[in-house]
Structures are given as structure tokens and as C-alpha cells.
1. Residue by residue through the stretch 255-262, which ³J(HN,Hα) values in whole Hz follow from phi under the Karplus form 6.51 cos²θ - 1.76 cosθ + 1.60 (θ = phi - 60°), with glycine and proline marked x?
2. If the elastic network links every pair of Cα atoms under 10 Å, which of Met314, Met46, Met398 fluctuates the most in the Gaussian network model of the chain?
3. With runs of 4+ DSSP H residues as the only contributors, calculate the mean residue ellipticity of the chain at 222 nm using -39,500 (n - 2.57) per run, divided by the residue total and rounded to the nearest 500.
4. Please give me the summed charge of the neighbours of Val170: other residues whose Cβ is under 15 Å from its Cβ, Lys and Arg +1, Asp and Glu -1.
5. Just one of (i) 56; (ii) 69; (iii) 60 is percent of Cα pairs over 27 Å apart calculated from these coordinates, so which is it?
6. Which whole-number percent gives the relative contact order of the chain, counting Cα pairs below 8 Å spaced six or more residues apart?
7. Work out the length of the dipole vector of the chain about its Cα centre, built from +1 on the beta-carbon of each Lys and Arg and -1 on the beta-carbon of each Asp and Glu, and round it to the nearest 20 debye.
8. Whole-Hz Karplus ³J(HN,Hα) for the stretch 380-390, in order, using 6.51 cos²θ - 1.76 cosθ + 1.60 and θ = phi - 60°, x for Gly and Pro?
Amino acid sequence: MSTIRKSLFNRLDGIVLLLYIMLVTIGILAIFSVEHRTTDTSLIMMNKSYMRQVIWLGYSLFIGFIIILTDSKFFSSFAFLLYTICIAVLIITIFAGVDVKGSRSWLGVGSFRFQPGEVAKIFTSLALAKFLSLNETNFKKLKNRFIGAAIALTPAVLILLQKETGLALVYFTFFLVMYREGLPIGILLIGFGAIALVLTSLLIDRITLAIILTGLTILIGYIIRSTLKRKIGARIILISVWLVAIIFSQVAVPFVFKNILQKHQIERIYSMIGIEVPNEYNKAFAPGDEKKEKTNSSEYNVLQSKIAIGSGGMFGKGYLNGTSTKNQFVPEQNTDFIFCAVGEQFGFVGSAVLIIIYISLMLRIIHLGERQRSDFTRIYAYCVACILFFHFAVNISMTIGLAPVIGITLPFISYGGSSLLSFSILIFILVRLDADRQVLIR
């Protein structure tokens with residue numbers, strides 16, 4: 001091996017790679033634990049998900065090795081081209097995608113299938129990092145903020161058209177990256193406020209909510225009455241905010257629930273907040289489907305998930321001794337609900353260790369981002385950290401009933417070739433860019 005290559009491998013961040021290997025190893029062991037049966041004649045059974053995951057890990061490591069040997073400037077130079085190709089593939093998927101559980105988000109050739117929306121996270125991260133790091137990009141200008149938002153949300157819109165809501169939500173995490181680069185906090189507060197208003201609209205009667213919003217506006221107006229007397233602009237803003245909140249809660253939310261959201265999405269949202277779907281939204285269910293939805297709903301999934309995790313207690317039942325997961329009481333137990341296998345077999349302590357590994361990885365990625373000379377690498381590092389955080393937080397919250405079941409995988413742990421490959425590429429590109437952290441990449 002040449003001196004240059006030796007020097008390159010010495011510059012790779014060993015901590016990130018170690019945490020990555022730890023997580024994928026835990027993932028394969030977790031998938032094995034829910035699929036292994038005492039009647040299995042061999043550990044190497046190609047019809048098992050854990051063996052397919054091992055194969056995908058091999059692909060991921062091979063591609064990761066190629067990425068390490070690639071010039072770091074390649075990722076910046078071709079960021080926009082790769083993003084454009086990615087958008088084209090997402091558009092093709094809308095029309096030529098394979099239908100899997102009601103979603104047309106998969107492309108397949110024979111038995112091989114992959115999910116372009118998973119891979120799109122990589123190229124969106126690179127494109128956003130490229131745009132925000134350009135010398136001519138002044139992110140204080142409204143035009144550039146709109147361009148940044150368009151780069152982040154275009155894949156999300158296309159994925160929504162593929163009926164893959166959960167994956168589309170991941171792309172909203174790029175706004176956290178833009179906040180790090182100067183996006184006003186007011187925009188984030190508006191976003192969080194809209195989410196809070198949606199939840200409030202579902203929990204409180206519409207007329208009561210209108211009275212509360214009006215009363216709250218009057219109270220705020222009374223507190224800042226001196227400012228309102230002096231500045232007409234303050235009065236306009238206060239009245240506008242009240243009006244928007246009223247229209248949003250009284251008109252927009254009911255319209256979306258009655259005409260846009262699908263029945264399973266409505267059921268998942270109401271399951272999360274712990275109340276029954278009200279009669280006014282029941283017409284979203286086809287006649288005779290209500291009973292079917294009740295018996296096969298995400299509420300049942302979450303209930304079984306919580307039973308499995310809770311039965312693990314402090315130290316768990318031991319590896320390969322998980323009764324709920326091994327007997328397939330938990331649906332999607334090797335994908336969306338893989339965290340149940342960890343919770344049941346290793347208990348609170350094992351779950352806490354897994355969470356610590358994730359947090360350590362995300363903090364290390366942020367550390368890598370902050371030590372960069374290049375803005376491109378720093379922004380890309382924050383993209384990776386935000387994507388990981390969203391998947392990690394939503395998936396675990398989903399399994400314990402704190403978030404709706406939206407089909408979000410647990411990074412490196414859940415079974416799935418597209419998921420493992422995309423997260424691995426995200427990590428290896430970051431490690432490669434960090435190896436040239438003293439180089440100014442544009």
C-alpha cells in the first residue's frame with residue numbers, strides 16, 4: 001500500500017467507525033434473535049433476514065471502501081448532478097414503482113428491490129451542503145432561503161406522491177441544518193407552533209379551542225397594551241396571528257383530515273394521542289373497514305411493542321429468550337419495531353446502552369462537523385446528524401407509544417438493505433471528508 005493511502009487510512013476517524021460497527025453488529029444480532037428457531041438446521045440460511053442483512057453489510061462495506069479511496073472533492077463537485085439524477089429517479093418511481101403495502105416507493109428488477117427515497121437522503125445532504133457553502137450564497141437573503149428549502153423539500157414532495165409519508169418527514173430535519181447556518185429561529189417556532197396547534201385541534205372541541213385562542217390573544221394584547229398603542233404594526237401582527245390560528249384550526253386541519261389523509265394515517269395519529277377517531281372523520285373509513293382497522297391497527301402494534309419492552313424489566317430475559325418477539329406477537333419486529341427485541345432481551349440497561357451508543361455517534365458527528373475548515377463538510381456533517389436523530393428519536397418513540405407509527409427504521413439496526421446501505425454511505429462519505437478536514441472543499 002502506498003504511503004499516501006496509509007496516511008489516508010490513518011486520518012480516518014476511528015471513533016465514528018467503531019460506533020458504526022457496534023450498531024450494525026447489534027442490528028444483525030437483534031434480527032437473528034427474532035428469527036432464529038431451535039428447529040433451524042444451520043446458522044447460514046439464505047432465506048432468513050439476518051443473512052440478507054449480512055450480505056447488505058458486505059455491500060455497504062465494499063462501497064464504503066470505494067468511498068474512502070475517492071477524492072474528497074468529488075462529493076462537492078458532483079453534488080448537484082447526483083441530486084438531479086436522484087430527483088429524476090424519484091419521479092420515475094411515482095409511475096414505475098413497485099406496490100409494497102400500499103406504497104409505490106420501491107423500484108425493482110426481478111427479485112432485487114431498493115427504495116430511492118432512502119438513497120435520496122445522501123444526495124440531498126450533499127446538494128444542500130454544496131449550495132449553502134457556495135461563496136455567492138448569502139443565507140440572509142430570502143431568495144436563498146427559498147432555494148435551500150426547495151432543495152430539502154422537493155424529494156419530500158415526490159416521496160409523498162409515492163405514499164410514503166414517514167420517509168418524507170425525514171427531509172424536514174434539513175431545516176435544523178439551515179437553522180445552524182443562519183435560518184431565523186422564528187421560522188422553526190412557527191413550525192413547532194403549527195404542530196402544537198394541530199395536536200390541540202385534535203384534543204379540544206373546535207368551538208372551545210376558538211374561545212381559548214381568542215382569550216389568549218386578548219390576554220397577550222392586555223400584557224403588551226402599551227406597545228399596541230404606540231405601534232400599529234404590532235396590532236396588525238397580533239390580529240394576523242390570531243386569524244391564522246383560527247383558520248388553521250377551524251378550517252385547514254379538518255379539511256386535511258377529511259380530504260387528504262388516508263384512513264390508516266388518521267388512525268395512527270389518534271392512536272398516538274390516545275383517543276378514538278371522532279365520528280366526523282369516520283367517513284374516511286370505508287364501510288365495514290372500522291372493525292378491520294381496530295383489529296389490525298397500529299394501536300395493536302404499539303400495545304404489543306410496549307408489552308414486549310416492559311416484560312424485559314431492568315436486565316431483560318436474556319439473548320434468544322424474548323417470548324413476545326420470538327413468537328411474533330410484535331408486528332414488523334425485525335424492521336420498524338426492532339427496538340422491542342433489544343428491550344425485551346436486554347431490558348432497561350441494554351436499551352440505555354444502545355441509546356448511549358446512538359447519542360455518542362451523533363455527538364461525535366457534530367464534533368467532526370465543528371472541527372472542519374470547509375463549510376461544505378460541516379454542513380454535510382450536520383445533515384447526517386439530523387437525519388440520524390430523526391430516525392432514532394421517532395423510531396424509539398414510536399415503539400413506546402410517544403409518536404405515531406409512520407414506518408421509520410432504526411438506523412443500522414432495522415432490517416432493510418436500502419436503509420443500511422444509505423446510512424452506511426452517509427457515514428463513510430462523512431469519514432472521507434473528515435480525513436481531509438484541513439483541505440478547503442468547495
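The numbers here are math on the coordinates, done by the rules we state, and not lab data. All of these numbers come straight from a predicted model, not from anything done at the bench. With ideal geometry, Cβ positions are generated from the backbone for all residues, glycine too; neighbour counts draw on all protein chains shown.
1. 4, 4, 5, 8, 10, 10, 5, 7
2. Met46
3. So the calculated ellipticity at 222 nm is -22500 deg cm²/dmol.
4. Numbers: positive: Lys121; negative: Glu118, Glu164, Asp336.
Result for the local shell: -2.
5. Of the listed options (i) 56; (ii) 69; (iii) 60, (iii) comes from this structure.
6. Details: 555 pairs, mean separation 113.6, N = 442.
The normalised contact order for the chain reaches 26 percent.
7. Details: 41 positive and 24 negative charges, 262 e Å.
Its charge dipole is roughly 1260 debye.
8. 4, 4, 5, 4, 4, 4, 5, 4, 4, 4, 4
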